[in-house]
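The values are calculated or read from the model by the stated rules, or taken from the named source; none is laboratory data. What you see is a predicted model, and the numbers here were worked out from it, not measured in a lab. Every residue, glycine among them, receives a Cβ derived from its backbone with ideal geometry; neighbour counts consider all protein chains shown. These accessible areas exclude ligands, DNA and RNA; they are computed on the full protein's heavy atoms, side chains included. Shrake-Rupley method; radii C 1.70, N 1.55, O 1.52, S 1.80 Å.
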Amino acid sequence: MSAGVVRTRRRSRGVWWAAGAVLAGLVAVVGFDRSVLRATWEALGDLRWWWVAAGIGAEALSMLAAATGHRRLLRAGGDEIGLHSVLGVAVAGTAIASSVPLAGAQVAAAYSFRQYHRRGIEYAVAGWALAIAWLLSSVTFAVVLAAGAASSGNLLAAGAGVLTSLGFLAPPVAVILALRYPAARRLVTRWTGWLAGHARRLTGHPRVDLVATLATAFDRMAGLRMPTARYLQVSTCYLGNWAFDFACFACSVRAAGAPIPWQGFLLAYGAGITADSLGLTPGGIGVVEAALTAALVACGLRASTAVTAVLVYRLISLWMLLAGGWVVMMFLSRATRFDPGRSRLGPEPEPTAMAR
């Protein structure tokens, strides 16, 4: 076994140990008060299962809304792809992003590229769609975060929420600028190449020469356009993605038997998503639970109720999607090479191997 593989495995184990330590720390903090731990256990046994089912339905609609928006973007290149294919790739990509330490988002993006290309979508169109999806998803989340900050009634929290929402816009805006200005394009290409090299050292993926691929793809991507009405439709889909996920979070609180503390509740949700986006642990394990629990307690919920609600929400939005994503991935790996009615592209070329 090579030294690089050994280092990669050690880093992976280290990240998972860190996630477990954070989660154990949260349990320990709650466990100091045995009454809280006992009340949490009792609340888990008395869940309102209708609300749990409603939360599962809301999360399913959240994924469907995002897949619908992404499909509209993929069709901008003139190719057709079924909604079931886009939804399957999205669920599988989510599972990868939540499972791979440190470079989950990059590996998930590489996997999505590969799957879309197998279904007749050009790399340039897939890259453009991912960039625009990233932008619109970030913009709509920034709107959600700003709305939560404004409704919190706390000036300091509102200011922090607005600043965080602006931070979410920086990366996708850089990609959009790269599509319009050659200097920005070269900068993004170098930055992406650096990230790809780091991800390759950790995981062995992606195996394609992303720098060369991006240089060619950016030229094609710069010529892709959609009517303004289509952008608005896609933005609505991504806003629905966040809204339904927020509804799942609200259903989780109701499943724990508590009324929803509306003042600051939207900001509490934003705090959890922000913690997840930091990528400190796979799937935000431990970090998200701690952030959401603390935010719900700050909203006025009892600690036991907050922990119960967070556990239900994470079971639906992380663990169920994670399990489903790996099952879908097995089916996708056995799927036929092309869907009926997709692009005119010929057989898929073999990727160019990168030197390690």
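Worth a mention:
- Here Val307 does not fit the description of being part of a helix (DSSP H, G or I), closer than 18 Å to Ala60 by Cα and over 15 Å from the mean Cα position of the chain (by Cα).
- Flag if Ala76 is out of contact with any Ser or Thr (no Cβ under 9 Å at 6 or more places or on another chain), modelled with pLDDT of 90 or more and more than 23 Å from Val287 (Cα to Cα): no
- Qualifying residue in segment 317-338 (condition: farther than 18 Å from Val91 by Cα, of a type outside the set (S, T, N, Q) and at pLDDT below 90): yes
- Residues satisfying the stated conditions in segment 54-83, i.e. out of contact with any helix residue (DSSP H, G or I) (no Cβ under 6 Å at 6 or more places or on another chain) and either farther than 23 Å from Ala247 by Cα or charged (D, E, K, R) (or both): Arg75, Ala76, Gly78, Asp79, Glu80, Gly82
Residues are listed down the side, and each one gets a yes or a no for (1) modelled with pLDDT of 80 or more; (2) open to solvent by 10 Å² or more (accessible area, probe 1.4 Å); (3) among the β-branched types (Val, Ile, Thr); (4) closer than 16 Å to Asp276 by Cβ:
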| residue | (1), (2), (3), (4) |
| --- | --- |
| His84 | yes, yes, no, no |
| Thr94 | yes, yes, yes, yes |
| Ala97 | yes, yes, no, yes |
| Ala110 | yes, yes, no, no |
| Arg114 | yes, yes, no, no |
| His117 | yes, yes, no, no |
| Gly120 | yes, no, no, no |
| Ala129 | yes, no, no, no |
| Ala149 | no, no, no, no |
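- Which numbered condition Ala178 fails, given (1) touching a helix residue (DSSP H, G or I) at 6+ places or on another chain (Cβ under 7 Å); (2) among the small types (Gly, Ala, Ser); (3) modelled with pLDDT of 75 or more: (3)
- Hits in segment 52-68 - residues which are open to solvent by 20 Å² or more (accessible area, probe 1.4 Å) and either over 21 Å from Leu322 (Cα atoms) or within 16 Å of the chain's Cα centre (by Cα) (or both): Ala60, Leu61, Met63, Leu64, Ala66, Thr68
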